Each structure stands twice: as C-alpha cells, then as structure tokens.
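Coordinate-derived values only; no laboratory data. Quick caveat: nothing in here was measured; it's all calculated off a predicted structure. Quick reminder, even Gly has a Cβ in these numbers, built from the backbone with ideal geometry, and neighbours come from all protein chains shown.
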Amino acid sequence: MPRMGLDLHTILQSATEIADQQGLASVTLASLAKKLNIRPPSLYNHIEGLGGLRKKLAVHGLDILYDRLAHASIGKAKDEAVHSVADAYVAFAREHRGIYELTLQAAESEDHEIQKAGGKIVDLTVQILRGYGLENDEVIHAVRGLRSILHGFSSLEQKGGFGLPLELDKSLHLLLDSYLAGIHKMKEK
C-alpha cells in the first residue's frame, strides 16, 4: 500500500533534486528512498524499478523544458522568439544539470511517452521557425541547427569549456544572431 503523502510527483521532485545536485549517476533507488525517508521497496508502488524511474524522470524533465520554452515564446515571433527560447533552454540546462542530461538520452528512446514529450518540444520549435516561411526539409534543418547550437553551448558550459572571462550570454546571442542571419539568407534564395 502506498505511503500516505508519497506520490509520483513527490518522487520525481526528489529524484530531480538528487540529479541536479549530485549528478544523474547518483539517482538510485537507495538514494531516493533515503532522501524520502522510506524503505526502497515502497518506491515500487509508484515506479517500475530504476529503469522506470529514469523513464518517468526523462518525461518529467522534457515536460519542464517544454513548459519553459512555451512560456518564453508567448507573444513573440521570429528573432525575438528564437532568442527568448534559447535563453529559456540554456537556463533550464544550467538549473537542471542532471535531468538535462537525461532529456538528451531520451531522444534515443523508442518509448511512446518519452517520444510524445520530446515531440512537443520539436513541434514548438517547428512552429517558431515556420514564422520565417520555412517549409518541409528547410524547417527540419533549421530545427536541427538550433538544437545543435543550444545543446553544444549548454554542454560546453557544463563541462567548463568556456574558460575565458567573457560574458557567456553575450556569446550565446552572437551565435544565435549568426544562425538567424543564415535563416534569413535561406529565404532570400
């Protein structure tokens, strides 16, 4: 019988805290049970082992990321929307180092729930980039480019790859401006 007050949301919040503070590898059933002050078998009332926890945590991370990106894009279009969404993406990666890593691994999953959560992010990005008049393959190439920029930037930052004392957000926006100049150039052809 599930412990009173213990639910999937509470479990995911606690697992997120462990992942973000100590790294994804630190998220185990034992560490989670200890944080929740329960015995590990109690978790099985809500999740299907460590694999089930990681799946639920990936969906949880993708949902948080989607909500942040969607909120950042409200009332904005084209360049302003791209910059705002990029800021939200990088802020998510900075704040949620552990589950950010898991959201990237989720892209390889064939699980329907994970694919659906990730698909919402892709659909939002497609919608924003269609504002430039991009269609079919053009918009997919543009989505891949933007994802590469944001993931590359976030990953390098997390790994300490930006050692020079220059403002990181300025570097990000200069990179985005170059990307957007390319998008504008695509439509001139």
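Taken over the alpha carbons of the range 41-146 as equal point scatterers, the Debye sum produces base-10 log I(q)/I(0) values at 0.11, 0.23 Å⁻¹ of -0.38, -1.25. Spacing of the modelled spin labels on Asp79 and Arg39, each 7 Å from Cα toward Cβ, amounts to 6.3 nm. Computed from the C-alpha gyration tensor, the three semi-axes of the ellipsoid equivalent to the chain are 35, 19, 13 Å, from longest to shortest.
Placing a pseudo-label 7 Å from each Cα along the Cα-to-Cβ vector at Ala30 and Leu175 gives an inter-label distance of 3.8 nm. A DSSP coil position with no more than 14 other Cβ atoms inside 10 Å describes the following GluC sites (Glu not before Pro) in the range 58-162: Glu108, Glu110, Glu135. Taken as Cα centroids, the range 119-189 and the range 44-69 sit 26 Å apart, rounded to the nearest whole angstrom. With the cut-off at 23 Å, tell me which of the pairs Lys56/Lys78; Lys159/Lys185; Lys76/Lys185; Lys55/Lys78; Lys55/Lys116 have Cα atoms farther apart than that. Pairs exceeding the cut-off: Lys56/Lys78; Lys159/Lys185; Lys55/Lys78. When only Cα pairs under 8 Å and 6 or more residues apart are kept, what is the percent relative contact order across the range 57-188? Worked out over the range 57-188, it gives 28 percent.
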